[in-house]
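K.L.:
Before anything else, here's the structure in question.
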Amino acid sequence: MAREEQRLISTVNQYLGINAHLHSHFLHSETEGWEEFHSSHITDLTRAMNAYLPEMGYIARQERSLQIRHFDESISPISDVLISDLSRPSATPRAFAVPQAQTALNVPASTLLEREPVDVKRPTAIKIYELPEDASSQREKPVAWIELLSPSNKAGSGYASYIAKREALLANWLVFVEIDYLHGVSTTLETVPDYRPPGRDQKPRDEAHPYHLWLIDPRQPPDDPQSGAIAAFDVDQPIPAFSIPLNRGEYLTFDFNAVYHQTFRAQPAFGFAVNYAAAPEEVERDYNLRDQTAIAARMLTVQKLQREGINLADGPYPIDSNLLDSLRRRSKVVRQVLTSDDLTPTNSLDLDLE
């Protein structure tokens, strides 16, 4: 009889930055999960920016993204909100009504559906506008465009379309910010090395990084040091703060890391998809040794905290520097942590880290 899989979950992100377990799950098992994350995260980013922008004379709005998500007719469409039935099959059917709510009018479904099925869906991006001084006589002026990349727009026909539209925005003097949290797909910048080059047999590069934030300010001369910025970071590193240039020499210095943790916490399904008692899917193929080591250290830390009765909801907690140093010196132990069936939250592997 096969051993029942041990699970160690938390609805609070236990990584300091991007959750490598969750993003590997999106890449390999639940591709539609990324679309839910994308939608939630864009909303959270917009609201967080608007906590500061209006006082500065700007406002952030959600706009139709440059990206197009194509539905695969061989699989079920991706819902914007999916209501799941968690009741038992034998449960008595019940109906609920919101008090004082107006009853909807019943009509044939054929009167509501479009005549032709829609085969594409466009996600949203963020556009920052400068507010007019006189709202009755002036329109809001667009200043910056912020994209959170999806997998389909880093390769294939989606990539070409995305690049063309990005160039059009830059030609219209909009500051362009790209958020790339996708470790398993090539970057959209020719000058930035791919973390995992195309081709199944290609291993992640040691000198490259899995995640990036970058911007271009086309209002500045291209050789000016202020005309661009890039932040590259690794597994279990906090997402760097980023300064977005606005008008009149003003900047919005924004904490992307805090909003990422907020998005993770607000949707428990993200936490339920992460099992810290097992390695991320395809971990040895998708991550270089540096990031495998960080993942192993994070798994061991979470498991130790759980055994000691520490409340994971107060995390994420720092990694013990001695543990990380020991793992860096012992790649075989890293592999043991990431592949062992015996490494569970209740049955810790006896690791020789001394």
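Just so it is clear, none of the values below were taken in a lab; they were calculated from the coordinates. Owing to the predicted nature of the structure, the values given are computational and were not obtained by experimental measurement. With ideal geometry, Cβ positions are generated from the backbone for all residues, glycine too; neighbour counts draw on all protein chains shown.
K.L.:
How far apart, in nm, are two points set 7 Å out from the Cα along the Cα-to-Cβ line at R330 and at E32?
P.N.:
Once both label points are built, they end up 4.4 nm from each other.
K.L.:
What is the spin-label model distance, in nm, from S161 to Q220 if the labels are put 7 Å beyond Cα along the C-beta direction?
P.N.:
3.2
K.L.:
Considering amide H positions built from the backbone, and no H for Pro or chain starts, which residues 5 or more places from L182, or on another chain, come under 5 Å of its amide H?
P.N.:
H212
K.L.:
In whole Hz, with x marking every Gly and Pro, tabulate ³J(HN,Hα) for the stretch 28-39 from phi via Karplus 6.51 cos²θ - 1.76 cosθ + 1.60, θ = phi - 60°.
P.N.:
Coupling constants for the stretch 28-39: 10, 10, 10, 4, 5, x, 4, 5, 5, 4, 4, 4 Hz.
K.L.:
Amide H neighbours of Y58 under 5 Å, at least 5 residues apart or on other chains, H built in the peptide plane: list them.
P.N.:
Counting only residues 5 or more places away or on other chains, the set is L131.
K.L.:
Here's something else I'd like to know. Based on alpha-carbon centroids, what's the gap between the stretch 240-315 and the stretch 27-44 in Å, whole number please?
P.N.:
With the stretch 240-315 and the stretch 27-44 each reduced to a Cα centre, they are spaced 15 Å.
K.L.:
Under 11 Å from a point placed 7 Å out from the Cα of A171 along the Cα-to-Cβ direction: which residues of the stretch 206-225 have their backbone N that close?
P.N.:
Counting only backbone N, you get no residues.
K.L.:
Whole-Hz Karplus ³J(HN,Hα) for the stretch 273-290, in order, using 6.51 cos²θ - 1.76 cosθ + 1.60 and θ = phi - 60°, x for Gly and Pro?
P.N.:
7, 10, 10, 6, 8, 9, 6, x, 4, 6, 4, 6, 7, 8, 10, 7, 4, 4
K.L.:
Pop a pseudo-label 7 angstrom from the Cα along the beta-carbon direction at both A231 and E282 and give the gap in nm to one decimal.
P.N.:
Inter-label distance under the simple model: 2.8 nm.
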